[in-house]
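Please treat every number below as a calculation from the coordinates, not as lab data. All of these numbers come straight from a predicted model, not from anything done at the bench. Backbone-built Cβ (ideal geometry, glycine too); neighbour counts: all protein chains shown.
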DNA sequence: CCAACTGAACTGAACGGTTGAGTTCAATTG
DNA sequence: CAATTGAACTCAACCGTTCAGTTCAGTTGG
């Protein structure tokens, strides 16, 4: 009964870091493929690691799960609405629209939208993450909170910021930034998110038609001098 | 080993029908609240029925689950994209727009859209159904097929039909019906579906602003003579 | 430069306790 | 007489733990 003998500190060192990474990767793979119901033995086997090691690093299945989701929130190409990185093309939009030409704003929007849409449509991993989190929301309420934080809610900081910048520069005329941001999401990425929820993927032709029409619709409403 | 002794026919009769209904109802309630992981004992208890009776009617947990989902597809206020009944307001839209006034089409659209949007936003049961099905897609592939059938895919027969009718009557000018249908879904209901996936509900004020702006945006693009 | 040593991290396999799916059966009910 | 009940039962999966022995990174001593 030594005083500090029962301190359950996770292992440290270079080897531990590698193992830990392998565990998280394996857990993400299996959680995304099979859901939370997958066994810890399977995860340990997939990671090429003993089950005891898993429990030395993460104390429980719940802790491992939250670590996986938290890691996915930081990692590139993640986030509920497509994530920070997926929306990055939209961030560059404000810079790309420096020209004064009529069609330049439209072209910049098209390019940014295309990159954004394809990132959302083709990233099956993020789609699986959304499904997984929403399915386990009742078991991990605090996780839904963090997930919701940078999500379709009023935030979308990147997209909203780009639209605000373009408004301040006089390129767009947006009376309700919150609504306009939601509409841009709705016209471009929401259909792909809804499709993806059932494992369906929109074909290239329809994707392109929807994209072009969506950008034109948005600009017809909000381009300055319309 | 009597020849026909092992025939697993489900019970019949008026009593059996009542029990069966109670089981399906209880199963739907618990599946929606707790997910597929809920125990059969809990379902039997919720239905006020012995577990043996459950297994006499449905042979397995999977069979019970598919029966619940299949029943939800027929039952009112269901379907992936809000369902047939949720989209019913849109079906009546074509009839309501008989007047020739300028604002009448817009008013009819607003009313139909409001009913539709509120049906989708406030029906937490359908949201839970979507989450449940997408979460268990890997376990029930054939179910995802049926679910997808009357879903956000190219179908939307009701909405697309209403838009086609309005186009034929010269009230709308829609070059690409498939795209326009998707956009109407996107502008009006997709944001609520995405919100609902994380248990979030859009507040009334934002809901109304988004709705009005969405209808105006759609009509600005597709109203005849624009 | 290298062998021996050290201690933390890891392994493999087994085990305890629990949960849950599905079955059996005698008794009961409508 | 078919349907239902309640309770006990089997069987498998799974979470988490224990333990005896092994690997590995780094340090010491020659």
Item to check | Binned Cα-Cα distance frequencies in the stretch A:142-218 - 5 Å width, integer % | outcome: 3, 14, 19, 21, 18, 13, 8, 3, 0
Checklist entry - Under the definition of Cα pairs under 8 Å and six or more residues apart, what whole-number percent is the relative contact order of the stretch A:103-226? => result 38
Next on the checklist: Going 7 Å from Cα along the Cα-Cβ axis for the label, what nanometre distances separate residue A:48 from the same residue across the other copies?
Outcome noted: 5.9
Checklist entry - With no solvent and one point per C-alpha, what does the Debye sum give as log10 I(q)/I(0) for the stretch A:14-73 at q = 0.21 Å⁻¹? => result -0.71
Checklist entry - Shortest first and in nm to one decimal, what separations exist between residue B:203 and its copies in the other chains, measuring from label points 7 Å along the Cα-to-beta-carbon line? => result 4.4
Item to check | Value of relative contact order over the stretch A:14-73, rounded to a whole percent, pairs C-alpha under 8 Å and six or more apart | outcome: 38
Checklist entry - Could you give, in nm with one decimal, how far residue A:18 is from each other copy of that position, shortest first, with labels 7 Å out from Cα toward Cβ? => result 6.8
